[in-house]
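Beneath this line is the structure, given in structure tokens, with notes to follow.
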Amino acid sequence: MIELSARPVNIHFELNHSAVIVVDMQNAFAKPGGTLDLHGSDIAEAAAVIKVNEKLLAAARKANVKVIYLAMTYQPDLADAGDPTSPNYHKELGLKLMRERPELAGKLLIDGTWDWQIVDELTPESNDLLIRKPRYSGFVGTDLDGILRTAGIRFLFFTGIATNVCVESTARDAFFGEYWPILIEDAMTHTGPDFCRDATLWNCENLFGWVSDAASVIAAFNEGNR
């Protein structure tokens, strides 16, 4: 067992039972011209978060820790997006923007589009997994739970965008599924006021997981790979 410096207390984990869950590091949420930028949300921190993820994922792969990408994804015909009877139809930002701005129809979070793609700096490698998800949580409408259980993975290290939306949603569901969620706070960024990030980190630290930082996680991965 490897000890990781974390809040509220250190946590012990095993490399062969761990995975890094990279949540929605897509052009949509991290690049100018993507969904969040078009909405007017501040994406200034995304560039720094990409750099942190580059270092973190390199260490994970070197330590043979599984890397799993989640990507917010809709089919071109929006069959999996929900109709007007679905709350997702009314609240999810990409769907709202495509209805409000006809010139964006078919361009936001649609499978295969530029907006949907993982940012170039973090392009998945051959041994990584990419899981398409049609809702905020990576456990809803996907095979994530089955993949993790089949591989014997229990410890989930979370990175990505947005801290307070898809990261938190997936981490909460992980906790309910008896996984150990660990949020890497400097490997993710939030949307909305800063108190949204602070609330997510407080909730995780005190109620359903642990919070650490990239340097500590990288050090732990390197220790386990000696």
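Before moving on, here are some points about what is shown:
- Residues of region 182-220 satisfying the condition of being surrounded by 23 or more Cβ atoms within 10 Å (Cβ to Cβ) and in a helix (DSSP H, G or I): THR200, CYS204, VAL217, ALA220
- Of all the criteria given as (1) over 16 Å from the mean Cα position of the chain (by Cα); (2) assigned to a helix (DSSP H, G or I), the one not satisfied by GLU178 is (2).
- Subset of region 106-123 [part of a helix (DSSP H, G or I), touching a residue at least 60 places away in the same chain (Cβ under 8 Å) and either on the phi > 0 side of the Ramachandran plot or of a type outside the set (A, V, I, L, M) (or both)]: GLU121
- Being surrounded by 13 or more Cβ atoms within 10 Å (Cβ to Cβ) and not in a strand (DSSP E or B) holds for only one residue in ALA48, ALA19, ALA28, and it is ALA28.
- Top-ranked residue of region 51-79 - restricted to ones that are of a type in the set (S, T, N, Q) and over 30 Å from GLU14 (Cα atoms), ranked as surrounded by the fewest Cβ atoms within 10 Å (Cβ to Cβ): GLN75
- So GLY82, is it outside any helix (DSSP H, G or I), surrounded by fewer than 17 Cβ atoms within 10 Å (Cβ to Cβ) and either in contact with a strand residue (DSSP E or B) (Cβ under 7 Å, 6 or more places away or on another chain) or not hydrophobic (A, V, I, L, M, F, W, C) (or both): no
- The requirement of being farther than 17 Å from GLY33 by Cα, at pLDDT 95 or above and among the aromatic types (Phe, Trp, Tyr) is fulfilled nowhere in region 110-129; no residue meets it.
- Count of residues meeting criterion [under 22 Å from LYS66 (Cβ atoms), of a type outside the set (A, V, I, L, M) and not in a helix (DSSP H, G or I)] in region 6-16: 3
The values are calculated or read from the model by the stated rules, or taken from the named source; none is laboratory data. In this text the structure is predicted, and so the values were computed from the model without any measurement. All Cβ positions, glycine included, derive from the backbone under ideal geometry; neighbour counts span all protein chains shown.
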